[in-house]
Amino acid sequence: MSFYLVTGGTGFLGSALVRRLVADGHRVRVFDNNSRGRAARLADLDGRVEYVEGDIRDARAVAAAVAGVDSVCHLAFINGTEFFYSQPDLVLDVAVKGMANVLDACRAAGVGELILTSSSEVYQSPPRIPTDETAPLSIPDPLNPRYSYAGGKIINELMAINHGRRHLKRVVIVRPHNVYGPDMGWEHVIPQLVVRMKRLAETEGDPIPFPIQGTGAQTRSFVYIDDFIDGLALAMQRGEHLGIYHVGTMEEIAIGDVSQMIGEFFGRRIRVVPSAAALGGTDRRCPDIAKIAALGYRPKLSFREGLSLAARWYADHAHLAPAEMNGMNVMNGLNVRKVTL
């Protein structure tokens, strides 16, 4: 049994990891300020995990949270495309100060292991599909605020690797590829499409005009949250020092097809209505997962199976969506900057 600190532990990914670690018999401390996460995600684990509320940019708070643990899983970050555009300075502030504080705290406390979650965004437009871990990282336009997120993740990787090779016994980096599932937040493509479709499903017409960002030909490879956590756990258990691992699936799906599946979930046919793509997006993304597969990773759910689970949750909880998602902007497909692809 080990003692883990999970930064960003009340977020979508973080809370799922906390649950896995607890289920596996580990001791867990959660560090989060709930600016993006929600402590309610872990309410049923009350008394089984330690919870420390704090800002990852606060060096003293981070040092106190790291003291006494065996390993740090660093997931604290600002996610959600709307923040990349509206608050890129905050995204980078959390990225750089947070990573520096975690590394300094690990060195001071003698913690030898760091698990870092990065992102598929570090590639921007990959030179090859499927994309393996050796593909070059890229920031094509520093003037585009969207790349604050990718830039922050690249900086995190560089800091973890170059500090880690000298001062830590083991650093493992995982690059998630479009993780989805129930309660993942509202600023992502699947929740937004589901909420939009739920509203439109009540209207007349067949097929229903369904506005989306871009042409619908853009592709992604989605991985259900449970499958992602399986891959992350394998990387934590078996990953090599300074190893980088993609965790996702190789089921590449066009966003137009995702929209059609969501229409089918509600029992309706749709007609995709394209709009302008967000500046800085990429047309295709699909990981090569051979490296994590060599450790035993096998995704269990197809996208259609996982989508039905996520869509059911969001359909049932649509009344909790932010107010702007209930207005005409969403109905007309105008909130293009808020959808993460």
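The values are calculated or read from the model by the stated rules, or taken from the named source; none is laboratory data. Worth saying up front: this structure is predicted, and the values here are computed from it rather than measured. Cβ coordinates were reconstructed from backbone atoms using ideal geometry, including for glycine residues, and neighbour counts include every protein chain displayed.
Which of the residues belonging to segment 107-137 are hydrophobic (A, V, I, L, M, F, W, C), in contact with a strand residue (DSSP E or B) (Cβ under 8 Å, 6 or more places away or on another chain) and part of a helix (DSSP H, G or I)? Full working, then the answer.
Of all residues in segment 107-137, those hydrophobic (A, V, I, L, M, F, W, C) come to 108-109, 111, 114-116, 122, 129, 135, 137.
If we keep only those that are in contact with a strand residue (DSSP E or B) (Cβ under 8 Å, 6 or more places away or on another chain) too, we end up with 111, 114-116, 122, 129.
Answer for segment 107-137, where residues must be hydrophobic (A, V, I, L, M, F, W, C), in contact with a strand residue (DSSP E or B) (Cβ under 8 Å, 6 or more places away or on another chain) and part of a helix (DSSP H, G or I): just 122.
So, residue 214, is that one touching a residue at least 40 places away in the same chain (Cβ under 8 Å), within 18 Å of residue 129 (Cβ to Cβ) and not in a helix (DSSP H, G or I) or not?
Criteria met by residue 214.
Restricting attention to segment 314-332, report how many residues are among the acidic types (Asp, Glu) and at pLDDT 90 or above.
Residues meeting the conditions: 1.
Among the residues of segment 159-198, what is the count of those that are basic (Lys, Arg), outside any strand (DSSP E or B) and in contact (Cβ under 8 Å) with a residue 12 or more places away in the chain?
Residues in segment 159-198 being basic (Lys, Arg), outside any strand (DSSP E or B) and in contact (Cβ under 8 Å) with a residue 12 or more places away in the chain: 4 in total.
Sort out for me the helices (runs of 4 or more DSSP H) sitting completely within segment 1-106 that have 1 or more residues that are out of contact with any Pro (no Cβ under 9 Å at 6 or more places or on another chain), under 24 Å from residue 121 (Cα atoms) and among the small types (Gly, Ala, Ser).
Filter on segment 1-106 gives 12-23.
Over 20 Å from residue 191 (Cβ atoms), among the aliphatic types (A, V, I, L, M) and either touching a Ser or Thr at 6+ places or on another chain (Cβ under 8 Å) or at pLDDT 95 or above (or both): is that true of residue 311 in this structure?
Values: over 20 Å from residue 191 (Cβ atoms): no; among the aliphatic types (A, V, I, L, M): yes; either touching a Ser or Thr at 6+ places or on another chain (Cβ under 8 Å) or at pLDDT 95 or above (or both): yes.
No, not satisfied.
How many residues does segment 61-80 hold that are out of contact with any Gly (no Cβ under 9 Å at 6 or more places or on another chain) and either over 18 Å from residue 13 (Cα atoms) or surrounded by fewer than 22 Cβ atoms within 10 Å (Cβ to Cβ) (or both)? Give the steps one after another, and end with the answer.
So the first thing to find is which residues in segment 61-80 are out of contact with any Gly (no Cβ under 9 Å at 6 or more places or on another chain), and the list is 63, 66-69, 72.
Next, only the ones that are either over 18 Å from residue 13 (Cα atoms) or surrounded by fewer than 22 Cβ atoms within 10 Å (Cβ to Cβ) (or both) stay: 63, 66-69.
Qualifying residue count for the region: 5.
Among 177, 188, which is the only one that is within 18 Å of the chain's Cα centre (by Cα) and modelled with pLDDT under 95?
188
Take the conditions more than 23 Å from residue 158 (Cα to Cα), in contact with a Leu (Cβ under 9 Å, 6 or more places away or on another chain) and of a type in the set (Lys, Arg) and apply them to residue 29. Does it pass?
Against the criterion (more than 23 Å from residue 158 (Cα to Cα), in contact with a Leu (Cβ under 9 Å, 6 or more places away or on another chain) and of a type in the set (Lys, Arg)), residue 29 qualifies.
Residue by residue through segment 31-78, note down the ones that are under 18 Å from residue 94 (Cβ atoms), modelled with pLDDT of 95 or more and not aliphatic (A, V, I, L, M).
Within segment 31-78, 31, 32, 33, 53, 54, 55, 57, 58, 60, 73, 74, 77 qualify.
Can you pull out every residue in segment 89-101 that is closer than 17 Å to residue 36 by Cβ and either modelled with pLDDT under 95 or surrounded by 22 or more Cβ atoms within 10 Å (Cβ to Cβ) (or both)?
Listed by number, the residues that qualify are 91, 94, 95, 98, 99.
Residue check: is residue 140 surrounded by fewer than 22 Cβ atoms within 10 Å (Cβ to Cβ), at pLDDT below 95, in contact with a helix residue (DSSP H, G or I) (Cβ under 8 Å, 6 or more places away or on another chain) and outside any helix (DSSP H, G or I)?
Yes.
For residues that are loosely packed, with under 15 Cβ neighbours inside 10 Å and in contact with a helix residue (DSSP H, G or I) (Cβ under 9 Å, 6 or more places away or on another chain), scanning just segment 116-137, find the one that is farthest from residue 228 (Cα to Cα).
Once the filter is applied, the top-ranked residue is 136.
Take segment 313-327 and flag every residue that is under 20 Å from the mean Cα position of the chain (by Cα) and part of a helix (DSSP H, G or I).
Across segment 313-327, the qualifying residues are 313, 314.
When only residues in segment 283-300 that are closer than 21 Å to residue 192 by Cβ and under 18 Å from the mean Cα position of the chain (by Cα) count, which is surrounded by the most Cβ atoms within 10 Å (Cβ to Cβ)?
Among those that are closer than 21 Å to residue 192 by Cβ and under 18 Å from the mean Cα position of the chain (by Cα), it is 285.
Report, by residue number, each residue of segment 151-163 that is of a type in the set (A, V, I, L, M, F, W, C) and under 17 Å from residue 76 (Cβ atoms).
154, 155, 159, 160, listed by residue number.
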